[in-house]
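For reference, the structure is listed below as structure tokens.
The numbers here are math on the coordinates, done by the rules we state, and not lab data. Quick caveat: nothing in here was measured; it's all calculated off a predicted structure. Cβ coordinates were reconstructed from backbone atoms using ideal geometry, including for glycine residues, and neighbour counts include every protein chain displayed.
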Amino acid sequence: MPRTARIAPINYVYHVMTRGNNRQSVFKDDEDYSRYLEILRQYKLKYKFKLYHYVLMRNHVHLVLQPSDHGGSLAEIMKGINLSYAYHYKKKYKHVGHFWQDRYKSIIVSEDEYLLSCGSYVELNPVRARLVDDPREYTWSSYHWYAHGAYNPVVDTQPAYQGLGRNAGERQQRYR
């Protein structure tokens, strides 16, 4: 039986989460994390969406993104990313069977201070999971862009961030 189509209007910001089947690891080494980010970059170019925050955990991924009206839908974006990464993983590790657990989960996020809170929630996942004591210690997130200005080619600065200060240093300090 076909799945029910999701209602996901364009031009809204979404917090998206996708998890490995049975909570299995979806990233085994740095090359896997890097490949996922490269796939994100490719699909950003193809579907013209904004990626405001992300964290790549060992067995799941959080993305805060905004599809545009001249690009792909949320479903097209996530289908492309998830299929491309699953193909990479299955080929590299000779994995057979389901890779992602169910469909991705998504909720609409308002474009105000809650967007900052959602981004912080996403980027603090490694701390809550006790993988690191400080988000600076975790490589695979957008935290370094917002808190330290470290260049990140996949991240688009989210609108509410500009309100944190008059200059980059002030915004970074307040974000931390």
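Some observations on this one:
- Where GluC sites (Glu not before Pro) fall in DSSP loop in region 85-133, at most 15 other Cβ within 10 Å: E111
- Whole-number percent relative contact order across the chain, with pairs defined as alpha carbons under 8 Å at least 6 apart: 27 percent
- GNM top mover of S120, S68, S34 - the chain, alpha-carbon springs below 10 Å: S34
- Positive-end residue, region 13-175 charge dipole about Cα centroid, Cβ charges, pick of L124, N167, N21: N21
- Dipole check for the chain: with +1 at the C-beta of Lys and Arg, -1 at the C-beta of Asp and Glu, and the Cα centre as origin, the magnitude is about 640 Debye.
- Centroid-to-centroid separation of region 11-67 and region 148-176 [C-alpha atoms, Å]: 20 Å
- Dipole of region 13-175, positive direction: furthest Cα of L37, L83, V64, with charges on the beta-carbon: L83
- Pairwise Lys count, the chain - Cα closer than 23 Å, eight or more residues apart or different chains: 21
- For V13, the residues whose amide H sits under 5 Å from its own are V109, ignoring neighbours fewer than 5 places away on the same chain, with H placed 1.01 Å from N.
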